[in-house]
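Asks: One structure, pasted below without further comment.
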Amino acid sequence: MPCARSSTRCSPRRTSRRRSACSTPCCSAPASPRTSRSTTHPLHVHYFAPGSSVAEHLAADCGVALAHVLVENERDRLRTCAAPDCSHVFVDESRNRSRVYCDSRTCGNRMHVAAYRARRRDAS
Ligand SMILES: [Zn+2]
């Protein structure tokens, strides 16, 4: 499968000779793009090859997703959670690019509660 980064630089035939030309994980993971639909998920694309291990599945899907972020010049959407006790990384898919926590229900809620308690403590 050609890499999303550049079909001329990362075609499977050239990749074996020029592996250093592309450093995205999708170039080393076996991939076979195909559509899928289930009762719980609408039509979507899988990039891992049938029979792939979980590691190959993750490498292919994450590699393609990362390649799209890089190709579409969306690097500023790659973030590290702003909670001091969390090091999760995430892709900010918010419309106004304002997401700062990996998960609003966990880190976001914990930090907002801490800020609220600090404001109340300062006020008293
Ligand atoms: Zn977090």
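The values are calculated or read from the model by the stated rules, or taken from the named source; none is laboratory data. This is a predicted model, so every value here is computed, not measured. Cβ coordinates were reconstructed from backbone atoms using ideal geometry, including for glycine residues, and neighbour counts include every protein chain displayed.
Asks: Report, ordered by the first and then the second residue, all pairs with beta carbons closer than 6 Å, sequence separation of six or more or different chains, a first member in the range 34-49 that is touching a residue at least 40 places away in the same chain (Cβ under 8 Å) and in the same structural domain as residue 64 (by TED's automatic domain parsing), and a second member that is part of a strand (DSSP E or B) and surrounded by 10 or more Cβ atoms within 10 Å (Cβ to Cβ).
Replies: Cβ pairs passing all conditions: 47/31; 47/33.
Asks: Which numbered condition trips up residue 89, out of (1) closer than 23 Å to residue 64 by Cβ; (2) modelled with pLDDT of 95 or more?
Replies: (2)
Asks: What number goes with the only condition from (1) touching a residue at least 40 places away in the same chain (Cβ under 8 Å); (2) of a type in the set (Phe, Trp, Tyr); (3) farther than 30 Å from residue 35 by Cβ that residue 116 does not pass?
Replies: (1)
Asks: Additional query: Among the listed residues 69, 91, identify the single one that is within 16 Å of the ligand (Cβ to nearest atom), under 23 Å from residue 31 (Cβ atoms), touching a helix residue (DSSP H, G or I) at 6+ places or on another chain (Cβ under 8 Å) and not hydroxyl-bearing (Ser, Thr, Tyr).
Replies: 91
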